[in-house]
Amino acid sequence: MKQGDASFTFLSRIGEIERNLQDERWQSALALALTLPDICGGIEYPELVKRYRDGRVMPDRNGEPARDVGNQYVRWFDEYAAEYFKRRPDDRVPYLTGQRCWQLRCEYLHQNRGFVNEDGSEETYFHLGINCGTSVCAETLDDSRQEKGHIRLDIQQMCFRMCVAARKYYEKNCETKDFSLYHTPVLDFVQWASRGEDIGKTVAVVCSDRDYGRGIVSVLRSVSSLTEVFRNPESAKVFLQKKRPAVWIITSEMLEQKNQPWKADNVPVIVLSGIRPEMESKKYTWVPVPFSIDALRTIVRERLE
């Protein structure tokens, strides 16, 4: 298995939830399913950030605007997932709302409470079940308890419906939104050791054309399986954080972008351009477009040595 095959993508997470359901690993399935609105909310509503009382944007530990995760989560669920959480298609409101799902997420992932918490401290109480046959086990819920906020959830149906909502969202937006920010690189150390390669030799490709970028990654797999593609400098900066790739490959339009991370270090930069750019720095290498595949591989291999 190559290193690139081991890395986790957004679709990998959905697939793992579905496999956990097939194997009846209910805890793992539910834990992963409850993170899907986290990811989708961050992609759909980047403008929702935390603010101080005076309106100033609150920075995170990296100095970037801190995500308002709760509001992103609730808003995405209500907008994109709620329709899958109705008892009947003609119901006006779902039995599980974004706010309730956010409560379940926080209690299950961080506190492991909220299931035998009938002390009056919560407005909503969750009762998890399996083999209910429906998404809410409505036939076994006492109506008086239901009015008090008791929700019984079938884990299998809960996870299945969340996966359907997330997959539909991905299919609709994968060409216009950058899901690569939430990919998790995973190194197969056995493979790296047997091949004697340096696990730090990452190649970062920055290209606004998604298909073109994927083509470059495919071309370079034989040179470095640690090749990541980004649609703009900001997404590369967020993904890499303080780490530096061994080589940057950028298309010419990226030279006009703001906050170019490749300017801040001594890492070689390969520029793919139909017109030779005027550059004084020796760190930039111009590769004319269209380029020879073998020539690009040779240049990248030389820069990695």
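With respect to residue 204, determine if the residue is part of a helix (DSSP H, G or I) and modelled with pLDDT of 75 or more. When the stated conditions are applied, residue 204 does not pass them. Within the range 199-215, residues that are more than 10 Å from residue 232 (Cα to Cα) sit with their Cβ atoms under 7 Å from residues that are modelled with pLDDT of 80 or more and basic (Lys, Arg), at 6+ positions apart or across chains, in these pairs: 210/231. Is one or more of the residues making up the range 70-85 at pLDDT 90 or above, touching a Leu at 6+ places or on another chain (Cβ under 8 Å) and over 21 Å from residue 151 (Cα atoms)? Yes: one or more hits. Cβ separations smaller than 6 Å between residues 6+ apart or across chains give the following pairs from the range 286-298 residues that are farther than 16 Å from residue 268 by Cβ to residues that are outside any strand (DSSP E or B) and at pLDDT below 85: 289/274; 293/219.
Among the residues of the range 224-257, the ones that are in a helix (DSSP H, G or I), without any contact (Cβ under 8 Å) to a residue 24 or more places away in the chain and surrounded by 15 or more Cβ atoms within 10 Å (Cβ to Cβ) come to 1 in all.
The values are calculated or read from the model by the stated rules, or taken from the named source; none is laboratory data. Predicted model only: the values in this text are computed from it and were never measured. Quick reminder, even Gly has a Cβ in these numbers, built from the backbone with ideal geometry, and neighbours come from all protein chains shown.
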